[in-house]
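Inspection log for the structure reproduced underneath, given as structure tokens.
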Amino acid sequence: MKFIVQWNGLPTAESSVIERFMKTGGQPPDGIKLLGRWHAIGGLHGFAVVEADDTPGISALALEWGDLLTMSIFPAMTDEELGAALGKHLAARNK
């Protein structure tokens, strides 16, 4: 399953975030596949799209950075997946 991970950091955490990112490369924990990550210019804001088979890995990701960043994590669907779900919804509604 895919998830969108958004983060925000306080300016007071900037040095610690930079240090941890440079040390670890921001790699996700085991069981999480990083599909892409984007950073805002001039701030501790950004988002990533990750893939995981279960939620414990997602929890590990949030906990790994939770002391420095606030995170919002949402399940995500591709256009194709959403189209299939919408098609089922319309078919059920039109019965």
**Prompt:** Going through region 30-54 one residue at a time, which ones are over 13 Å from Ile4 (Cα atoms) and surrounded by fewer than 16 Cβ atoms within 10 Å (Cβ to Cβ)?
**Reply:** Asp30, Gly31, His39, Ala40, Ile41, Gly42, Gly43, His45, Asp53, Asp54
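Being among the aliphatic types (A, V, I, L, M) and modelled with pLDDT under 95 is the filter; apply it to region 1-15 and report the residue that is surrounded by the fewest Cβ atoms within 10 Å (Cβ to Cβ).
Out of the qualifying residues, it is Leu10.
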**Asked** surrounded by 11 or more Cβ atoms within 10 Å (Cβ to Cβ), in contact (Cβ under 8 Å) with a residue 24 or more places away in the chain and either among the β-branched types (Val, Ile, Thr) or in a loop (DSSP other than H, G, I, E, B) (or both): does that describe Ile18?
**Response** no
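The values are calculated or read from the model by the stated rules, or taken from the named source; none is laboratory data. Note that the coordinates shown come from a computational prediction; the quantities given were computed from them, not determined experimentally. In this analysis, Cβ positions are derived from the backbone assuming ideal geometry, glycine residues included, and neighbour counts consider all displayed protein chains.
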